[in-house]
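What follows is a single structure, written as structure tokens, with notes after it.
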Amino acid sequence: MNRKTTIAAMAALATAGVAVVPIGASATTQAGDPGSAPSRSALMAGEQSAAPTMARTLGLGSGEQLVVKDVIRDANGATHIRYNRTYDGLRVVGGDLVVHESPAGTVQTVDKAGSGRVAVSSLTPALSPASAKNTGQSLAKASNEKSAAELVVYAAGPSPVLAYDVVTTGMKADQTPTRLHTFVNANSGATLASYDEIETATGNSIYSGTVSISTSGSGSSYTMTDTTHGNGTTTDLKGATSGNGTLFTDADNVWGNGSTSDRASAAVDAHYGAAATFDYYKNVQGRNGIFNNGTGVRSRVHYGNAYVNAFWDGSQMTYGDGAGNADPLVEIDVAGHEMSHGVTENTAGLAYTGDAGGLNEATSDIFGTAVEFNTNNASDVGDYLIGEKIDINGNGTPLRYMDKPSKDGGSVDCWSTSTKNLDPHYSSGVGNHFFYLASEGSGAKSINGVSYNSPTCNGSSVTGIGRRAVERIWYRALSTYMVSTETYPMARNSTIKAAIDLYGASSAECAGVAATWTALSVAAGSAACSTSTPTGTPTGTPTTTPPSGQNLLLNPGFESGAVNWTGTSGPVTNNTGRPARTGSWKLWLGGNGSATTETVGQSVAVPASGTPTLSFWMRSDTAESGSTVYDTMKAQVVSGSTTTTLATYSNVGTNATYTQKSFDLSAYKGKTVTIRFTMTEDSSLQTSWVVDDTSLTS
């Protein structure tokens, strides 16, 4: 048996539009909480039970109630509780806060979207809901408008006021949907703020070549059902803009032809982009899906209508086809961008206005770029250009540039007090510039064949700390410290605190974050790195205790193929000859029936504190018989020039049922080691070891 040939579906990526709908999405997700679903539920329930006591501890008024949105518990027992707020039963807009508790349960600090108590003199509005709706509809400028007005306390301004949140839905002139929020003072009728919940990015079409996708079925009947990521099905809307669509089916499990002549090509694009984003958040950030509840998205494909945008509206993602042409946009970083709006929605909830709007868009650009790099697609290699293959301008230029955002003609490179007045797509330039500078540093350089020349705003020279480190720092800040009204100066504090959590106050990573913000004209705030000289060089790997359960191994379930794992080519596979424990990819060592040696490993920094533990799931089977050892597989740790074998498995005593193996790595605290699996098979009769769902936690 030669099981080294990877089964791959023809995934000629398409020129078509998609919409993505969350499956089982919950408003109460637990970003960063690695526990099982019951323990997460118990944690949430416990904090909600204690919410009245917390409200009193924080000095909130009698009418104010806290509603738990998110809980993160770090390895050392420190807890971060994200709350929304109500006042006498009314939702408080801009009333969210994050409480940071010590391992002993003592409140240490609080990050607030607003300040002080939330109180208004009266809950009786002078303005009628109908008048408020009229204001919202006049701003929406859409056809088929429908409005709803909810009485709220608006606390995102200088002082809390009674207001209406008017949500106006309809269709804009360019045929993109709108869901406009207009906050109207319930007494004076003045417009307090307005933003569109549907967040857009304009584009056309791309190709990502032949890729593997997860489908379901056998024989001559297959459906485009993702059995790996919880992403559900991909359906065809057949030119419609709503509804559930018709499930894509195929007789030979080879999908699409790379053009719009086969609608399945578009379906491959949708399926692939959703899977790539899911893989990134799970394998790199330890987030279990867009909503962190194990579920992903359901994709819907359409083209033939005049949609010109890609947008996330809080419940679905849609790619459009470009002013009625049959060439809709789709690119990996655009897919990652739009679905990352869902991550932002379920963590910090960054408002789509002011600096927060720019940070919202920048977050999606940052993680869209991260998804593109992580996917490592040969037809769409990683870069710091947004939608570069779309060619929306017709001259080969991208939608946005991260090294120098102002090159697009509208974005800003540097922060100022007027940045908040820009459209979020342009105020995002500061965040995008931060990501590039912090990752790669200033000055001219070439990365993956693309030339960059990133300036600073103060003439300084910035040394990059590595893209992966910046990704982790930004995600930690987003999930743990940022609030809905975040400003760029607040983001400086949030990212520095995140860098300290992950790498230490005297780390090169922390110093690099601070230096980058200074280079962008964002002055120092309350959070600061150590004043001592940073120790070492940037590592990109956390050196202090990360959040509890954060898996330090990248691509731990092999669902991104051999990405992040090095060694013999072939053992990381989705071949169906042996089952994966979860998903469809795994590490299959042996199974050749010939004299073979195979080795696969990954370098990782072992935390300096806690109880670092390596675990993996393994099944084995053999054609050998008797009690003589012919074939072996070893789990090893390589530290410097020393190789230590944690366990040796052989053809004797194989077990075809997946069993978890765990090993204490305390002897390697604070060291960077290689976790390695190596197999030696003799000249006849196969033995197979299948390893899946690896983990290194502290």
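Values for this structure:
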quantity: Residue that is of a type in the set (Phe, Trp, Tyr) and more than 29 Å from Thr480 (Cα to Cα), where the choices are Tyr154, Tyr164; calculated: Tyr164
quantity: Yes/no for Ser428 being crowded, with 23+ Cβ neighbours inside 10 Å, closer than 14 Å to Ala519 by Cα and of a type in the set (S, T, N, Q); calculated: no
quantity: Residue match in the range 668-686 (condition: surrounded by 15 or more Cβ atoms within 10 Å (Cβ to Cβ), more than 21 Å from Gln602 (Cα to Cα), touching a Phe, Trp or Tyr at 6+ places or on another chain (Cβ under 8 Å) and not acidic (Asp, Glu)); calculated: yes
quantity: Test result for Val430, of a type in the set (A, V, I, L, M), free of Cβ contacts under 8 Å to residues at least 24 places away in the same chain and over 26 Å from Asp279 (Cα atoms); calculated: no
quantity: Elements of type helices (runs of 4 or more DSSP H) in the range 460-560, at least 3 residues being under 28 Å from Phe677 (Cβ atoms) and either at pLDDT 90 or above or in contact with a Phe, Trp or Tyr (Cβ under 9 Å, 6 or more places away or on another chain) (or both); calculated: 467-480
quantity: Count of the range 154-206 residues which are in a strand (DSSP E or B), of a type outside the set (Gly, Ala, Ser) and modelled with pLDDT of 80 or more; calculated: 20
quantity: Count of residues meeting criterion [part of a loop (DSSP other than H, G, I, E, B) and either more than 18 Å from Ser526 (Cβ to Cβ) or touching a residue at least 60 places away in the same chain (Cβ under 8 Å) (or both)] in the range 112-146; calculated: 16
quantity: Residue in the range 400-422 that is nearest to Ile465 (Cα to Cα), counting only those that are touching a residue at least 60 places away in the same chain (Cβ under 8 Å) and charged (D, E, K, R); calculated: Asp413
quantity: Restricting the range 207-233 to residues that are in contact with an Asp or Glu (Cβ under 9 Å, 6 or more places away or on another chain) and within 16 Å of Thr246 (Cα to Cα), the residue that is modelled with the highest pLDDT; calculated: Ser221
quantity: Residue in the range 149-179 that is surrounded by the most Cβ atoms within 10 Å (Cβ to Cβ), counting only those that are touching a helix residue (DSSP H, G or I) at 6+ places or on another chain (Cβ under 8 Å) and of a type in the set (Gly, Ala, Ser); calculated: Ala149
quantity: Condition met for Thr611 (outside any strand (DSSP E or B), polar (S, T, N, Q) and at pLDDT 95 or above); calculated: no
quantity: In the range 266-281, the residues that are more than 10 Å from the chain's Cα centre (by Cα) and among the β-branched types (Val, Ile, Thr); calculated: Val268
quantity: The range 74-111, subset of a type in the set (A, V, I, L, M, F, W, C) and assigned to a loop (DSSP other than H, G, I, E, B), residue surrounded by the most Cβ atoms within 10 Å (Cβ to Cβ); calculated: Ala75
quantity: Selected residue (criterion: nearest to the chain's Cα centre (by Cα)) from residues of the range 583-607 that are assigned to a loop (DSSP other than H, G, I, E, B) and crowded, with 16+ Cβ neighbours inside 10 Å; calculated: Gly583
quantity: Selection count where residues are farther than 21 Å from Ala562 by Cβ and of a type in the set (Val, Ile, Thr), scope the range 587-627; calculated: 4
quantity: Selected residue (criterion: modelled with the lowest pLDDT) from residues of the range 252-280 that are touching a strand residue (DSSP E or B) at 6+ places or on another chain (Cβ under 7 Å) and assigned to a loop (DSSP other than H, G, I, E, B); calculated: Arg263
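Listed here are the residues, each with its yes/no results for (1) assigned to a strand (DSSP E or B); (2) at pLDDT 90 or above; (3) over 18 Å from Thr480 (Cα atoms); (4) of a type in the set (Lys, Arg).
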residue: Ala14; (1), (2), (3), (4): no, no, yes, no
residue: Val20; (1), (2), (3), (4): yes, no, yes, no
residue: Pro34; (1), (2), (3), (4): no, no, no, no
residue: Ser39; (1), (2), (3), (4): no, no, yes, no
residue: Ala42; (1), (2), (3), (4): no, no, yes, no
residue: Ala55; (1), (2), (3), (4): no, yes, yes, no
residue: Gln65; (1), (2), (3), (4): yes, yes, yes, no
residue: Val71; (1), (2), (3), (4): yes, yes, no, no
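Each row is one residue, and each column tells you yes or no for (1) surrounded by fewer than 20 Cβ atoms within 10 Å (Cβ to Cβ); (2) over 26 Å from Gly354 (Cα atoms); (3) touching a strand residue (DSSP E or B) at 6+ places or on another chain (Cβ under 8 Å).
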residue: Ser442; (1), (2), (3): no, yes, yes
residue: Lys445; (1), (2), (3): yes, yes, yes
residue: Cys457; (1), (2), (3): yes, no, no
residue: Ser461; (1), (2), (3): yes, yes, yes
residue: Val470; (1), (2), (3): no, no, no
residue: Ile473; (1), (2), (3): no, no, no
residue: Pro489; (1), (2), (3): yes, no, no
residue: Ile496; (1), (2), (3): no, no, no
residue: Asp501; (1), (2), (3): no, yes, yes
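The values are calculated or read from the model by the stated rules, or taken from the named source; none is laboratory data. All figures in this text were calculated on a predicted structure; none of them were measured in a lab. Cβ coordinates were reconstructed from backbone atoms using ideal geometry, including for glycine residues, and neighbour counts include every protein chain displayed.
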